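Have a look at the structure below before the remarks.
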Amino acid sequence: MSTTPTSRQVETGDGAERPAHAESPRAVAATGDGAVSLSPPAARRTSNSLLRRFFRRPMAVVFAAFLVATAVACFVGPFFAHPPNAARFEVLQGPSAAHPMGTDPLGRDLLARVLAGGQVSLIVGISVAVLCLTIAIVVGGFAGYYGGLADTLLMKVAELFQVVPAIILALVVAAMLGSSMTMIIFILSFTMWPQVARIVRVESMKVAELGYVESARTVGFGSLRIFFSDVLPNAMPPVLVATTMTVGRAILLESGLAFLGLGDANTPSWGALLNTAQSHIQTAWWLTFFPGLAIFLVVLSTNMLGDMLNDTLNPTLSRVK
Amino acid sequence: MKIAFVGHYLRLLASSMLLVFSVVVIMFLLLELAPGDPIQGLVGQMPVTDEFRASMVEAYGLDRPIHERFIAYVANVATGNLGYSYANQASVGGLIVDRLGNTLLLTVPALVLSSVAGIVLGAIAARTRSRRVDGALSFTAIAGFSVPSFWLGLLLILIFASMLGWLPAQGMSSYTSTGVSIRHMVLPVIALAVTETAFKLRVMRSSMIEVLGQDYIDTARSKGLTGNQVLWRHGILNSMLPMVSVIGYSTGFTLAGSVLVEKVFGWPGMGLLLYESIQRSENMVVMGVLLVIAVTVVVVNILTDVVYGIVDPRVRARLHRARSA
């Protein structure tokens, strides 16, 4: 058993990355000495050393740095780049020093448009992941922890979403109800949350069986209190992996929808840029190459980070015998 | 034992029908929620005659309260009446069936190709003693499902059609001929298969690693089989079990992926029909495609379950036990 005082764990815990986790350490600290030893230190203690172990991998640093750099470029870059909608250059110029990604058929700087489009793709990816995580924690967590009718219902709903592939459902809903950026975020979260919820469910089911939950129950803590302070934090690690991967999948889906013309026409995302690029594929390869490369590299980075996070959490799982 | 099977498959059938019904409910709710004139919403941005308008009001009970509209809608769908496409001057059902064949020309080869490649590459990744080969394959797999299939298709066109001129970029066959040509199929099938191969590689790899850790593998080794014999006689088949459900599962993804790939390659399948109908906001066709895909996935799921029962004796035994217990 760890003898680490809870107060230190509170300070070092990465509360920002774990919405549900944020309230638990304070709750534990408030209950006084008797309760402290009961709550499982595992999740909180590993969370910190987990990050350290995670970033000991050189590739993790590379991909994380790439994502941060891309985000900075997309959100700060436009202040220094050409205005993305100013049609003031010669049309369909190849990449050059003045226009590193060339210009489009209306004479706009492609780099500026890729940076502006990145804002849409990144906002959609991250918002969808956060929304999915939130819904998944509430629905999946309760279903897994309490079981019963809620559990059956969740599994049925999850099955339904498995039947209709996410992109088809998103496509149809966006076609019928509209495709503004907010709408796309809601539609994608609506179609993607069951996958995360299934993982939260399985994990909280497992944790609910463990000894420290039993102990907490014996001491007389309410089930809700146990759920938030013990079950959820300990169920989080695999859920974080799934959430990381959700960012990538959401960006892929969004770009697919935008490629099919479903997206905000005023702020073209990377997928929308590819939509217009297709008719010029014979003459202007750069229109096709750069926006797609941006999608690929960002999604690759999030998936690699998720995969490495998974390896860090289960170091023995993928080792060849 | 027979009865246990029948009971199991009846339950499966019932839950499958419930799933399809839920999809129909979602479709109805979407139609109700869609803004604007419901008839224009159904037929798209097309001028319609008053007669057609009246027939639509009649067919979908548009002048009646919501529960009657729902019953009318379900009755229409259940009798196979998916509506009439004004733009194509054809019934939606017939239109989709016509296009479904072209879509299968892409999805079936892509499924076969990705399954074979995924199994072989996954087995190699799990079996190899070289960390470099395993690492390279695992990285390629992640890259494979990180690449947007439509961008991959565009790149293939860029390289093999525009630059090298080896393969055609658009359509199912050249203008002068009808039918389908193999040369036209190559690029779209590859674009469609890459992501699926990557998923299957990963599943196969982890399944194989798990199988190779089992006791019977050690037994096989200790009775003197060579590494390759162990792999082929005991490893491959046992680790292919999860692949049955993965292949079933990936049917839906491949169908979904074909929407994007068909748009890239101008392949006149169901996905291109969906795209064109969305452009025209012809929601009746959009709904029809959604339903056909959902039904296809449900049918494939049932088939997967049946195949599982056939190839895995343990599943049969469990059914048997459940009955006698």
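Can you pull a Stokes-Einstein diffusion coefficient for chain B at 37 °C (0.692 mPa s), Rh from Kirkwood over Cα pairs, as a whole number of µm²/s?
144 µm²/s
What whole-number volume per residue, in cubic angstrom, does the convex hull of the C-alpha atoms of the stretch B:111-236 give?
123 Å³
Explain nothing, just compute: Karplus ³J(HN,Hα) = 6.51 cos²θ - 1.76 cosθ + 1.60, θ = phi - 60°, for every residue of the stretch B:214-221 in order, whole Hz, x for Gly and Pro.
In residue order, the calculated couplings are 6, 5, 5, 5, 4, 4, 4, 5 Hz.
Counting only protein chains, not ligands or nucleic acids, how are B:Arg233, A:Arg57 ordered by accessible area (probe 1.4 Å), most first?
The residues order as B:Arg233, A:Arg57, largest area first.
Counting only the heavy atoms of the protein chains, how much of B:Arg221 is accessible to a 1.4 Å probe, in Å² to the nearest 10?
Only protein atoms counted, so the area is about 90 Å².
Express in % the proportion of alpha carbon pairs of the stretch B:98-172 at distances exceeding 21 Å.
So the pairs more than 21 Å apart make up 48 percent of the total in the stretch B:98-172.
Can you grab the distance from the C-alpha centre of the stretch B:237-312 to the C-alpha centre of the stretch B:42-64, Å, no decimals?
The stretch B:237-312 and the stretch B:42-64 have Cα centres separated by 30 Å.
Shape call for the stretch B:184-325 from the C-alpha gyration tensor, a ≥ b ≥ c root eigenvalues: rounded (a/c under 1.5), prolate (a/b greater than b/c) or oblate? Let's see the in-between values first.
Numbers: a/c = 4.49, a/b = 1.85, b/c = 2.43.
The shape class here is oblate.
Between B:Tyr84 and residues 5 or more places away or on another chain, which pairs have amide H atoms under 5 Å apart, with H built 1.01 Å from N, and which residues are they?
B:Val92
Just to verify a number: what accessible area does A:Glu254 come out at with the full protein assembly present, 1.4 Å probe, Å² rounded to tens?
About 10 Å², rounded to the nearest 10.
When the convex hull of the C-alpha atoms of the protein assembly as shown is computed, what volume per residue in Å³ does it have?
In the protein assembly as shown, the Cα hull volume divided by residue count equals 209 Å³.
Return one whole number: the accessible area per residue of the stretch B:154-298 in Å², for a 1.4 Å probe.
Here the residues of the stretch B:154-298 average 39 Å² of exposed surface.
Let me have the relative contact order for the stretch B:155-311, percent, based on Cα pairs under 8 Å that are six or more residues apart.
22 percent
Please report the accessible area of B:Ile247 (heavy atoms, 1.4 Å probe, ligands and nucleic acids excluded) in Å², nearest 10.
Accessible surface of B:Ile247 is approximately 60 Å².
Would you mind computing the Rg to Rh ratio of the stretch A:149-220 from its alpha-carbon coordinates, Kirkwood style for Rh?
Ratio value, two decimals: 1.20.
Leaving out ligands, DNA and RNA, and with a 1.4 Å probe, what % of the accessible surface on the protein assembly as shown is carbon or sulfur?
Carbon and sulfur: 66 percent of the exposed surface of the protein assembly as shown.
Need the per-residue list for the stretch A:235-283: every residue with at least 30 Å² less accessible surface in the complex of protein chains than in the chain by itself, probe 1.4 Å, sorted by number.
Buried-area filter returns A:Leu252, A:Phe259, A:Leu260, A:Leu274, A:Gln278, A:Ile281, A:Gln282.
Can you give the average number of partner chain beta-carbon atoms within 10 Å of each beta-carbon in peptide B:291-297, as a whole number?
So the per-residue partner count for this stretch is 3.
Output the direction-averaged projected area (hull surface divided by four) of the convex hull of the alpha-carbon atoms of the stretch B:24-150, in nm².
If you wrap the Cα atoms of the stretch B:24-150 in a convex hull and average its projections, you get 11.6 nm².
Going by Cα centres, the stretch B:132-183 and the stretch A:130-148 are how many Å apart?
So the separation of the two Cα centres works out to 40 Å.
How many lysine pairs are close in the protein assembly as shown, with Cα atoms under 28 Å apart and the two 8 or more places apart or on different chains?
8
The values are calculated or read from the model by the stated rules, or taken from the named source; none is laboratory data. Note that the structure is a prediction, hence the values are computed from the model and not measured. Heads up, the Cβs are rebuilt from the backbone with ideal geometry, glycines too, and the neighbour counts pull from every protein chain shown. Heads up: the accessible areas ignore ligands, DNA and RNA and are worked out on the full protein's heavy atoms, side chains in. Shrake-Rupley method; radii C 1.70, N 1.55, O 1.52, S 1.80 Å.
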